Amino acid sequence: MGERIGTNGLIRGLGLLVLLLALLTPAFTPPVSAQSSDPVVWTRFDVDLDVQPDGTVHVTETQEIRFTGGPFRYGFAEIPLSRVDDLDNVVVTEIDDNGNRTAYEQVRDARSADPGTYSISEQGGMLSIEFQFDRARDESRTFVLEYDLTGAIRVYDELDPPNLQLWWTAIAAETTETAPVRSATVTVTLPEPVDVSEVIILAEDGTVAAAPDAYTDDGRTFTWRASNLRSGQELEARVQFPDILDVEKPAWQVADDARREAAERKAERDSLYNLILGAIGVFLAIVGSILLYGLWYTRGRDPQVGLVASFLPQPPDDSPPGTVGTLVDEYAEQRDLVATMMDLSRRGILRVEDMSSGVRPDLKLTLLTPDAPMSQLEKALLTDLFNNDLAADRSVNVGEGTLDHPDQVLNGLYGDLVQRGYYTRSPDITRTIYRRRGTIVAAAAAILFCVAFTEIRVGLIFLPFLILGLLGLVLRWQSRYMPRRTEAGADAAAKWRAFRTYLTDIQKYEKLEESAAVFDKYLPYAIAFGIEKSWVEKFARARTLAPGWLGPGGTVIVMNDRGGRGGSGSDLPRTPGGGLFDWMEPNRGDSPGGSGNRGGSGGGLQDWSDRSARGLQGSSDSLVDMLNSAGKVFGGFSGGGGSRRSTGSFGSSRSSGGGGRSFSGGGSRGGGGGGGRRGFG
């Protein structure tokens, strides 16, 4: 029983503790408003603009401020003087909670003076008012700044009808960046009532008010209201009213109107220039594109030829492989020279041996029958490779970039196309001509832009020259498609492409196991077409015998069981149509050099024949390597520069609205007086 009483007492005690904490918590928690409020807030910021009969404007700024924390000791106001002739009669007053006014005393420097004083200074076109007050901490204070403006009224007596305008930025963006404004009112009071139908008002949102009578009850006092102005927001009063004052145009307005009119004329001129420049740019883009297409269509497009079979199983004419490769893709390349060299080897004119032992190519070339019939291109290639000494059985070792006159050999490839009537001019010369023309056009566009930019600086000045420069670059790119074949050349190229299709898909048309003659005869063409790797691999998988011209007196690569390359092997016995490679079997006493007796036990002619039959299958990659080495021999081959490797309404930025009503003779948005910073510290 006692245990139960103790437990109940504990529960009641805890309940009382929770209730006590709940009651005490509000006492220790500061109000939300106090936690989230800004240090300084204008709870009320009213500006009264009282227009006097003589044209001066008496300004009264009533600022009610809530200070949080502190202490705060001084305040300041900075007022631009650029759009008034004079600002004087400055008075600072403080109003207490009972409505009593205390006028502050003007001193030379308020910063070092006692509370209840203020000072005025002018610097850089800005009037600065600073005032000291008794310390303020967590309280509200009300200050009144008064001053007179001379020359703040804009006069447009030359317009029909004449009118006067008052523009005044009562609360500037610089002020709201200092602290927020909860409530603001701007009031303009005229010396006498006017006809509201002749009044134009700028509304709080920056548009021309459609109903000016919404801002006045008597046609004399006009009021603007705003609330919760945050950082960067502002409140401007702008009103146009009939000419009811006998005032002269202020001095600053004359200069300001002249600058504004000049700016408006420049803006109109720039708009016209931009329109013209934009039209020129579009014209150049359209016409230039049409001209470039027409240039290719009339000068670069091949003549139309009749129907050609989808594939041809034999060469359509007797053109050598190097010439064919250049005809098909219109570029003389390294592979075209390799194909020419392999064709010379196939015909028994040249023996090519790959002596490379590393990444650097090393080929041994032996000239076998220098008196055999050759084309001008072939003779030029051999003359360059053998240093003008075309003697029988002469051998040379050549490495990367070994040609002394690659351009001459190149011109031989292009010249052969012209000689056969496939082109009227070398394709490379044609590409060079159009490439240079494109460069000239692009360079001229850049130079003309620099000259024009010094004279006319408008937004779209770059557009026509940019389009012209791009057209020049397109012409450079298009130059590769400008070589034009003759009708005979277009017909030959179409047929050779059909033959290339046959070689590419040879397995569809031939039994590769029975087509050693095809491999023998067309390997140089496969090289010229750039399909040599797949070509060799296909025949290797079919266990095709290597062609005889790659045997004695031809290209021979001797490999041991570790893939090392040896000598020519021309002294070895060969079967008819012998293999591409002779294999040195291990444990037979063979030397890596590939020379000496290679019979061994169990060997003999049949053994060599068997090894020859599997040579292409086992070493197809090495043949491709040899062709790559041959290509590097012509590494200095530049391609001859053609290788593919190688006044009126004011110009406000805001909508005018109001059924076409606008300020006559006015300036741009932000062109009013007033503004500047206000703040406390």
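Within segment 453-467, is there a residue that is in contact with an Asp or Glu (Cβ under 6 Å, 6 or more places away or on another chain) and at pLDDT below 90? Looking through segment 453-467, at least one residue is in contact with an Asp or Glu (Cβ under 6 Å, 6 or more places away or on another chain) and at pLDDT below 90. Among residues of segment 96-117 that are more than 17 Å from residue 143 (Cα to Cα), those with a beta-carbon under 7 Å from a residue that is open to solvent by less than 100 Å² (accessible area, probe 1.4 Å) and part of a strand (DSSP E or B) at least six positions away or on a different chain give the pairs 107/117; 107/119; 108/119; 109/119; 111/130; 113/132.
Residue by residue, here is whether (1) open to solvent by 20 Å² or more (accessible area, probe 1.4 Å); (2) hydrophobic (A, V, I, L, M, F, W, C); (3) closer than 21 Å to residue 286 by Cα holds:
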site	(1), (2), (3)
407	yes, no, no
419	yes, no, no
427	no, no, no
432	yes, no, no
440	yes, yes, yes
447	yes, yes, no
468	yes, yes, yes
472	no, no, yes
476	yes, no, yes
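Only one of (1) within 21 Å of residue 157 (Cβ to Cβ); (2) modelled with pLDDT under 90; (3) assigned to a loop (DSSP other than H, G, I, E, B) is not met by residue 204, so which one is it? So residue 204 meets the others, but not (1).
Number of residues in segment 181-225 that are open to solvent by 50 Å² or more (accessible area, probe 1.4 Å) and under 55 Å from the mean Cα position of the chain (by Cα) equals 9.
Residue-wise test of (1) of a type in the set (A, V, I, L, M); (2) at pLDDT below 85; (3) in a strand (DSSP E or B).
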{"position": "219", "(1), (2), (3)": "no, no, no"}
{"position": "236", "(1), (2), (3)": "no, no, yes"}
{"position": "239", "(1), (2), (3)": "yes, no, yes"}
{"position": "304", "(1), (2), (3)": "no, no, no"}
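Residue by residue, here is whether (1) more than 30 Å from residue 431 (Cβ to Cβ); (2) surrounded by 12 or more Cβ atoms within 10 Å (Cβ to Cβ) holds:
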position	(1), (2)
227	yes, no
237	yes, yes
242	yes, yes
255	yes, no
279	yes, yes
289	no, yes
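Of the strands (runs of 3 or more DSSP E) lying entirely inside segment 46-142, those containing at least 2 residues that are buried (at least 17 other Cβ atoms within 10 Å of the Cβ) span 57-67, 72-80, 86-95, 117-123, 126-136.
Restricting to segment 19-45, and then to whatever is open to solvent by 60 Å² or more (accessible area, probe 1.4 Å), under 57 Å from the mean Cα position of the chain (by Cα) and of a type in the set (Val, Ile, Thr), can you tell me which residue is modelled with the lowest pLDDT?
Residue satisfying both the conditions and the ranking: 32.
The values are calculated or read from the model by the stated rules, or taken from the named source; none is laboratory data. Treat the numbers as computed from the prediction; the structure is a model and nothing was measured. No Cβ is skipped: glycine too gets one built from the backbone with ideal geometry, and neighbour counts run over all protein chains shown. Keep in mind that these areas ignore ligands, DNA and RNA; they rest on the heavy atoms of the full protein, side chains included. Shrake-Rupley method; radii C 1.70, N 1.55, O 1.52, S 1.80 Å.
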